[in-house]
Amino acid sequence: MPSPWHLRSRVVLVVARQAGLVTRNDRYWPNGFFADLITLFGDDSDEHRRPAELEEIARRAAEELATALVVDPRRVLITETGLRAAFEARLEARWGRALDLADLMVHEAYESGKWVNDSLRPAAATGSTEKFEVLVRLHARAVMTTREVLVLLRSGYSTAALARWRTLHEVRVVFLLLAAEGEQLSRRYLAHDNAERLRGQREYEGTWGTLGLEPPAWTVAEREDTKAQLAAEFGSEFLSDYGWAAEVINRAPRFKDLQRHVGLDDWRGYYRMASHGTHANPMGVTWNIQDLGDTNMAWAGPSNAGLVDPAQCSLIALTDITAGLLAYAVCELPDPVDPEILYSYGFAFVQRRKIEMLRDHAIETFGEAHNQQVAEEEALADLISRATAILQDGIASTIPDLAAELDIAAEDLQVALDAAVARGELCQESHYRLSQMEPASSPAPAIANAVRSLLAGLRRPLLRRS
């Protein structure tokens, strides 16, 4: 009498052949994987051997499959590459001007920072340079981070862009605090690099051997000696996070203390919202700025929505930092006793105002694109809802009949349906479907099936993608 394993193998063989999974005689070709499984589970030998044999079969099949894939990865990814290119083209059509204006503002901010560095560095070399060095480096970090935000937005990753703004906001807070204080605080800030190294070394000491890495730079004794020196020079609170600011905050500070001190406490809500895209907390996996409403999707790729907040937050932050750097430069310049110094004063004031104007133009253009997107998506969702109701009632059976009932031109209806389909082109690569929507029945098969597909794959939240 056949064993349960043997009976099960016969079932697997029938299903595999019907599905076209067993197509070659080569035992270890990936398509032959199921044939090997059938042989394995049809064998009445010692079942304790099966796990090891199964692992070997799977390893060989995976090895051959992976080898075939890596030979020409672009061929394998050609469909996804095409979908991504089409998606980014649609994103560019909607958001391109706003993104260009943002890039222009960032370029002017960079030019401002470069001018401050070139103008003041020779003089800074002859005196105390801590504050100058810190502010210039923080401004450069701000420019780079804003550029990262815009690169992510051009690819449709607005949640990641907002997470990068979170870093930019931290740079802004630290910059404003240091800009408002004297050289001593900047000196403490730079010295706090050693406190960070101490904590990093302490964690590294317990892992470098296991990871097969080089031993730490300091011995444990040297680490403790450095720790004691820092505490003696700057105080014990200096060793904590943001301890460099302890003398200003009057205690071991937290980041929200720094925010409050520089008058940016109102940004705490946005900062927390950006944190959801940074951490693996529940809110981070159930909420996404790439949505414009509730969704039954888990995002795994780009979206054409949610660009407004990361863009405007980043441009506001960079403008503030750049204005602060220009103000610092004006204070450090000599009195305008000759035309060259007078020109520098004028350049700083004009540049600040120009950057503010570019920021305002960019933010306004982002807002216009967002409002247009929302209006179009709401109109499209309403159109499909009305079309579905008409089809359910069996009133129409062709595109012209449906267009007549909707009181629009048949060409416009076709364009709207095509647009809805286009909005879902990245659905497979960008989302995990979390629930299945029930399609409505209709006596108009041809159009009903098309609309069912739209409703099943492009429910209202997904109609907001581009």
Subject >> Förster radius 45 Å - calculated FRET efficiency between Glu53 and Tyr270, Cβ distance, rounded to 0.05 >> reply: 0.20
Original post:
Given H placed on each backbone N at 1.01 Å, which residues far from Leu307 in sequence or on other chains put an amide H within less than 5 Å of it?
Top reply: none
**OP:** Starting from the amide H of Gln290, placed 1.01 Å from N in the peptide plane, find each other amide H under 5 Å away whose residue is 5 or more places distant or on another chain.
**Re:** Thr159
Original post:
On the accessible surface of the stretch 52-205, probed at 1.4 Å, how many percent belong to carbon and sulfur atoms?
Top reply: 56 percent
**OP:** State in Å² the accessible area per residue of the stretch 62-158; use a 1.4 Å probe, count heavy atoms of protein chains only, and round to the nearest integer.
**Re:** 53 Å²
Subject >> Cα-derived Rg over Rh, computed across the stretch 76-234 with Rh taken as Kirkwood radius >> reply: 1.11
Subject >> Filtered chymotrypsin sites (Phe, Trp or Tyr not before Pro), the stretch 315-415: DSSP coil and at most 15 other beta carbons within 10 Å >> reply: none
**OP:** Under a cut-off of 30 Å between alpha-carbon atoms, report the lysines in cross-link reach of Lys354, not counting same-chain residues fewer than 8 places apart.
**Re:** Lys114, Lys131
Original post:
Roughly how many whole Å is it from the C-alpha centroid of the stretch 95-170 to that of the stretch 309-357?
Top reply: 13 Å
Original post:
What Rg and what Dmax come out for the stretch 153-245 when only alpha-carbon atoms are used, in angstroms?
Top reply: 17.5, 50
Original post:
Stretched out fully, how many nm does the piece from Val330 to Ala180 gain, at 0.36 nm a residue minus the Cα gap?
Top reply: 52.6 nm
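The values are calculated or read from the model by the stated rules, or taken from the named source; none is laboratory data. Everything numeric here is computed off the predicted structure, so don't read it as measured data. Cβ coordinates were reconstructed from backbone atoms using ideal geometry, including for glycine residues, and neighbour counts include every protein chain displayed. The area values use the complete protein model at the heavy-atom level, side chains included, leaving out ligands, DNA and RNA. Shrake-Rupley method; radii C 1.70, N 1.55, O 1.52, S 1.80 Å.
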